[in-house]
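Novice: So that we are looking at the same thing, I have put the structure below in C-alpha cells.
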Amino acid sequence: MRDYADVFQDAAAAARYDEEVYAPGGWAAAVDRRQRVRLRRWLRGAFPAGTRPVQHDFACGTGRVLTMFDGLVAGAHGYDTSATMLARARARPVPGELHLISEGGPAEPVASGSPVLVTLFRFLLNAPPEGRAAALAFAARALPDADAGYLLVENHGPSGSLRGLGRHRHRADRWFAELSHRRVADLLAGHGFRIVGRHGFGVAPAGSYRWGWSRPLARAVDALAGQIPHAAVATTVVYIARRFDSTYNL
C-alpha cells in the first residue's frame, strides 16, 4: 500500500478528499463536528491554567485538525508529504506554519519548547508499516517524556464497530482496513507511549449517512451514543497518550 501517500499528490484526489469526504451532512463532517466540541473541551483542562501547548500535526493534509484547536494553542505546525494538500491548506488559510516533508525519511518537529500537543489523525489505519513507524518516531521526538505533553491519535477504522458490517462488501477494496484497540496500543507502546484516555465519536457507520431515509436515524443514534460510554464500539476513536518510556531509541 505504498501508493497511499502518492494518491494525494494528485490535485483531483486532494480536492475530492477535501470537498467530498468532508461534504456537509456526511458522516465525516458529523464526526469532525463532534470531535471539535469534545476535544476542545478536553484540551482546556489538559494543561495547567494559563498554559497553552504548541501543536504539531503530522499528516496534516488540508489543515482540518489545525483548525480544530485554533485559539487554544500557543502556535501550530503542520507536516505533510503532499505539496498539493498543503497548497489547499494555505488557500484556506489554516493557522500555523506548514512544512513539506519527505516520504520515507525521518521528519523532525520544529523546536518549540514545551508543552506540546502532537496530533495524528486519519493516518495509522491505511499507512504502511514504515509510515506508521515514521509518524510515531516523529511523535516521540516531539514528546521526549511524559511531562512534555500529549499525543492524540485517531483510529477511523476500529475493528468491532458497526463499520465492519461492510467488510465483506469491500473485501476487494485495498483501503478497507481495520485496527483493533489492542493493535493501536501495541503500536504506541513500541514507541514509548501509553494510552491514558479514549474518546469514541459515534456508532453509526458511514454508509448510514449516505441515504436520505437513513441519515436522520444515524444522526439520532450518534447523538444518543454521545451521552454514554461507547468508545469500544465507536466507528471513530481518538486515543490520548503520553510517553512512559524515554529510552526508546529514535
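Novice: If you go through the stretch 30-67 one residue at a time, how many are among the β-branched types (Val, Ile, Thr), touching a residue at least 60 places away in the same chain (Cβ under 8 Å) and either over 21 Å from residue 235 (Cα atoms) or open to solvent by 50 Å² or more (accessible area, probe 1.4 Å) (or both)?
Specialist: 2
Novice: When the residues of the stretch 173-189 are filtered to those that are open to solvent by less than 40 Å² (accessible area, probe 1.4 Å) and at pLDDT 95 or above, which remaining residue is nearest to residue 146 (Cα to Cα)?
Specialist: So, considering only residues that are open to solvent by less than 40 Å² (accessible area, probe 1.4 Å) and at pLDDT 95 or above, the one nearest to residue 146 (Cα to Cα) is 188.
Novice: Within the stretch 44-81, track down each residue that is among the polar types (S, T, N, Q) and out of contact with any strand residue (DSSP E or B) (no Cβ under 6 Å at 6 or more places or on another chain).
Specialist: Answer for the stretch 44-81, where residues must be among the polar types (S, T, N, Q) and out of contact with any strand residue (DSSP E or B) (no Cβ under 6 Å at 6 or more places or on another chain): 51, 62, 67, 81.
Novice: Determine whether the stretch 43-62 contains at least one residue that is touching an Asp or Glu at 6+ places or on another chain (Cβ under 7 Å) and over 20 Å from residue 96 (Cβ atoms).
Specialist: No.
Novice: Here is a list: 106, 48, 93. Which entry is closer than 23 Å to residue 155 by Cα and more than 19 Å from the chain's Cα centre (by Cα)?
Specialist: 106
Novice: I've got another one for you. Looking at the structure I just gave you, is residue 78 outside any helix (DSSP H, G or I) and more than 27 Å from residue 106 (Cβ to Cβ)? Before you say what the answer is, go through the steps one by one.
Specialist: Working: outside any helix (DSSP H, G or I): yes; more than 27 Å from residue 106 (Cβ to Cβ): no.
Considered against the rule, which asks whether it is outside any helix (DSSP H, G or I) and more than 27 Å from residue 106 (Cβ to Cβ), residue 78 comes out as no.
Novice: Is it the case that the stretch 56-72 has a residue that's among the basic types (Lys, Arg) and assigned to a loop (DSSP other than H, G, I, E, B)?
Specialist: no
Novice: Do you know which residues across the stretch 91-108 are at pLDDT below 95 and closer than 24 Å to residue 36 by Cα?
Specialist: 91, 92, 93, 94, 95, 96
Novice: Next question, about the same structure. I'm trying to understand the selection: among the residues of the stretch 83-120, which are closer than 17 Å to residue 69 by Cβ and either open to solvent by 80 Å² or more (accessible area, probe 1.4 Å) or among the charged types (D, E, K, R) (or both)?
Specialist: 92, 93, 97, 114 - these are the residues of the stretch 83-120 that are closer than 17 Å to residue 69 by Cβ and either open to solvent by 80 Å² or more (accessible area, probe 1.4 Å) or among the charged types (D, E, K, R) (or both).
Novice: What number of residues within the stretch 123-153 are in a loop (DSSP other than H, G, I, E, B), surrounded by fewer than 20 Cβ atoms within 10 Å (Cβ to Cβ) and in contact with a strand residue (DSSP E or B) (Cβ under 8 Å, 6 or more places away or on another chain)?
Specialist: Going through the stretch 123-153 one residue at a time, the tally reaches 3.
Novice: I would also like to ask the following. Would you check if residue 234 is in a loop (DSSP other than H, G, I, E, B), crowded, with 19+ Cβ neighbours inside 10 Å, at pLDDT 80 or above and out of contact with any Lys or Arg (no Cβ under 8 Å at 6 or more places or on another chain)?
Specialist: Criteria met by residue 234.
Novice: Oh, and also: Give me the residue from the stretch 190-204 that is of a type outside the set (D, E, K, R) and open to solvent by 50 Å² or more (accessible area, probe 1.4 Å) and, out of that set, nearest to residue 159 (Cα to Cα).
Specialist: Ranking the candidates gives 195 first.
Novice: Can you tell me which residues in the stretch 23-55 are in a helix (DSSP H, G or I), aliphatic (A, V, I, L, M) and modelled with pLDDT of 95 or more?
Specialist: 39, 43, 46
Matching residues to (1) under 12 Å from residue 138 (Cα atoms); (2) touching a residue at least 24 places away in the same chain (Cβ under 8 Å); (3) not hydrophobic (A, V, I, L, M, F, W, C):
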site	(1), (2), (3)
92	no, yes, yes
99	no, no, yes
108	yes, yes, yes
116	no, yes, no
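Novice: Got a number for residues in the stretch 177-223 being under 30 Å from residue 142 (Cβ atoms), outside any helix (DSSP H, G or I), over 16 Å from the mean Cα position of the chain (by Cα) and free of Cβ contacts under 8 Å to residues at least 40 places away in the same chain?
Specialist: The qualifying residues number 0.
The values are calculated or read from the model by the stated rules, or taken from the named source; none is laboratory data. Values in this document were obtained by computation on a predicted structure and should not be read as measured data. All Cβ positions, even for glycine, are placed from backbone atoms using ideal geometry, and neighbour counts span all protein chains on display. The accessibility values were calculated without ligands, DNA or RNA, using every heavy atom of the protein model including side chains. Shrake-Rupley method; radii C 1.70, N 1.55, O 1.52, S 1.80 Å.
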